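None of the figures in this text is laboratory data; all of them are computed from the coordinates on show. All values derive from a computational prediction rather than experimental measurement. Positions of Cβ are backbone-derived with ideal geometry, glycine not excepted, and every protein chain shown enters the neighbour counts.
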Amino acid sequence: MRVLGIETSCDETGVAIYDTERGLIADALHSQMAMHAEFGGVVPELASRDHTRKLLPLIRQVLGDAELRGDQLDAIAYTAGPGLVGALMVGASTAHGLARAWDIPVLGVHHMEGHLLAPMLEDTPPDFPFVALLVSGGHTQLVEVHGLGCYRLLGESVDDAAGEAFDKAAKMLDLPYPGGPQVAKLAEHGDPKRFRFPRPMTDRPGLDFSFSGLKTHTLTTARKLQEAGPLSDQDRADIARAFEEAVVDTLVIKCRRALDATGLKRLVVAGGVSANYRLRERLDHETAKRQAQAFYPRGRFCTDNGAMIAYVGAQRLLAGERDDATMQATPRWPLATLTPPAA
Amino acid sequence: MPTLLALDASTSACSCALWRDGHVISRYRDAPRQHTQLLMPMVDDVLAEAGVGLSDLDALAYGRGPGSFTGLRIAAGTAQGLAFALECPLIGVSTLEALALAAHRRLHARYVVAAMDARMDEIYAAAYRCHDGTLEPLVEEAVLIPERLRLPAAFHDVDWVGIGSGWTLRERMPVEVQSALGQCLSEPQPAAEDMVRLAAQAWEAGERPAADEAVPVYLRNEVAWKRA
């Protein structure tokens, strides 16, 4: 089955074609990052407008790359949520229009299920069951995964998502949007011993996260130094390093607890923050120590993309799941409410 | 003569119309926030009544705005998807022109000011001279506060007809606009049955825009403020 995947839930337009026999055969992405950078964050209305401009050209591009005609596709999957409602509508309506004209099934899928299963697109995909850490600008969740649609939420952030905390720390350090990768880059030159930031919610049992206090701590540290004059490059690097260490350490501690609690030996890490080098290094070390294994998507599939949507859609479409004539756009949609494919 | 299908979701109304051999078959429902459910079944309904398949279509059309931003994109996305897959042109039709044509067809109005409620205290408006089912713009489409609505100076002594939800703000319009107005219909919403007629005119004029090029006309473009 050849499935066209469409992702328009936030600020990336992603399109891909996944073939259940041959694997991923084409994927393309348009990032709006530069456009939103001027505003210091994603402007929903501008994001939606841009999806409308970019979606068809990207679909044309992946069909060209795959050397396929549209009528050689067997089904279409699109992100139905969670996300920005206006942005979701662009993918949903276009997918339904295409599917109606090509007379093929269409299915709205869950964005986070896409992230969760993105490592399945790699050469050595994890087997079920596994523990998944989903870390992005919108989510920080630990999930126990027993199969497609069998998800148990183990813990999640009670306030900011980890990626959001990275972006906010970047703003405090005058780094351009989106700040996550910039903070990581700056942290490379930082002294890990100069500051020690708190590891929120690690001093008590449980698998929930909190990152808003860390943000405040970062701000207080910067202010205190500023009393003696403007921050030097070394100051900023040292703060970035302490911040990154605190986030990474917190994530590692909770992953360790989740593996202990479930007795599972496989850890999947996905979402934008899973591209963080320091996090990967620490988790690889941690899993190796306990004869477990960590799995990650390739770099470009850590962030939003059409490939993961095409993949998840294909699994559910194969089982006979499909939309009726209603276009699906669900801005708030908890992952744990998903069920295995209903034929 | 071409076979055309028009979709609209620019307001709380949702509509679809088919043009074939000069005849129009249409569906229209005022159903706020139900466009995602209603649009595709309406398409199927209209095609079934006409006994026409999607592959018989020469072009698609959609209400390109102004109107509800999300609604414009639902119609654009659906029409783009259909037109791309069918490899046929996609014609964007002005919602204000659709209103003006409705006034012309129903009331035989010659001079029409179409105005839609744009929220945030503003209206979308444009003025037209109508003749034999065709429209000539006299005042270009714009988003503005009702107090700033003007009629072209050369046409002050003609009888104007106002149409569209923007006229619920009539009290705030300048006195000279109010006094130039013969009739005023604030109920009608733009409808695909008028859009498909305007699309047929565009088709006859040789317009064949590609689906990729379809961009809604929002008029209001100040939607974000840059960091100081």
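Helix B:35-50 versus the longest principal axis of chain B: what is the Cα-based angle in degrees, 0 to 90, to the nearest 10? Value to nearest ten degrees: 60. With both labels modelled 7 Å from their Cα along Cα-to-Cβ, the residue A:128 to residue B:1 distance reads 5.7 nm.
Distance from the alpha carbon centroid of the stretch A:1-47 to that of the stretch A:95-109 works out to 18 angstrom.
Distances between placed amide hydrogens fall under 5 Å for residue A:106 paired with A:76, A:323, all partners being 5 or more residues away or on another chain.
With a/c under 1.5 counting as rounded, go ahead and sort the stretch B:32-93 into rounded, prolate or oblate using the C-alpha gyration tensor (a ≥ b ≥ c being the square roots of the eigenvalues; past the cut-off, prolate if a/b is larger than b/c, else oblate). If you can, show how the numbers build up before the last one.
On the way: a/c = 2.22, a/b = 1.31, b/c = 1.70.
Oblate shape, in that a/c is at least 1.5 and b/c is the bigger or equal ratio.
Give the shape of the stretch A:233-343 as rounded, prolate or oblate, defined through the alpha-carbon gyration tensor: a ≥ b ≥ c are the square roots of its eigenvalues, a/c under 1.5 means rounded, and otherwise the shape is prolate if a/b is larger than b/c and oblate if not. Prolate. Against chain B, whose longest principal axis comes from its Cα atoms, helix B:95-107 is set at around 80 degrees.
For the stretch B:23-116, run through the trypsin sites (Lys or Arg not before Pro) and keep only the ones in DSSP coil with at most 14 other Cβ atoms within 10 Å of their Cβ.
B:33
In loop segments of the stretch A:1-71 as defined by DSSP, the trypsin sites (Lys or Arg not before Pro) with at most 11 further C-beta atoms inside 10 Å of their C-beta are A:22, A:69. Restricting the trypsin sites (Lys or Arg not before Pro) of the stretch A:286-343 to loop positions (DSSP other than H, G, I, E, B) with no more than 16 neighbouring Cβ atoms within 10 Å leaves A:290, A:298, A:332.
If you model chain B as an ellipsoid using its alpha carbon gyration tensor, with each semi-axis the square root of five times an eigenvalue, the axes come out at 29, 20, 15 Å, biggest first.
Set the bar at 21 Å for Cα to Cα. Now go through A:54/A:168; A:193/A:224; A:215/A:289; A:171/A:193; A:171/A:224; A:193/A:289 and name every pair that lies beyond it.
Details: A:54/A:168 29 Å; A:193/A:224 18 Å; A:215/A:289 31 Å; A:171/A:193 23 Å; A:171/A:224 17 Å; A:193/A:289 24 Å.
Too far apart for the 21 Å limit: A:54/A:168; A:215/A:289; A:171/A:193; A:193/A:289.
Helical runs (DSSP H, four residues minimum) scored at -39500 (n - 2.57) apiece and divided by the length of chain A put the mean residue ellipticity at 222 nm at -13500 deg cm²/dmol. Compute log10 of I(q)/I(0) for the protein assembly as shown with the Debye formula, placing one identical point scatterer on every Cα and leaving out solvent, at q = 0.06, 0.08, 0.09, 0.11 Å⁻¹, to two decimals. Each listed q maps to, in turn, -0.37, -0.62, -0.75, -0.98.
Relative to the globular-protein estimate of 2.2 N^0.38 Å, the Cα radius of gyration of the stretch B:34-154 stands at 1.22. Spin-label model, residue B:207 to residue B:154: label points 7 Å out along the Cα-to-beta-carbon direction sit 2.3 nm apart. Helix A:277-289 and the longest principal axis of the Cα set of chain A meet at an angle near 90°.
Which value in Å does the Kirkwood hydrodynamic radius of the stretch B:96-185 take, with 1/r averaged over all unlike C-alpha pairs and then inverted? Computed over Cα pairs of the stretch B:96-185, the Kirkwood hydrodynamic radius comes out at 12.6 Å. When chain B is treated as a GNM with alpha-carbon contacts under 10 Å, the residue of B:161, B:177, B:196 showing the greatest mean-square fluctuation is B:177. For the residues B:107, B:47, B:96, a GNM of chain B with alpha-carbon springs under 10 Å puts the largest fluctuation on B:107. Each eigenvalue of the Cα gyration tensor of the stretch A:195-247, multiplied by 5 and square-rooted, gives one semi-axis; in descending order these are 25, 10, 7 Å.
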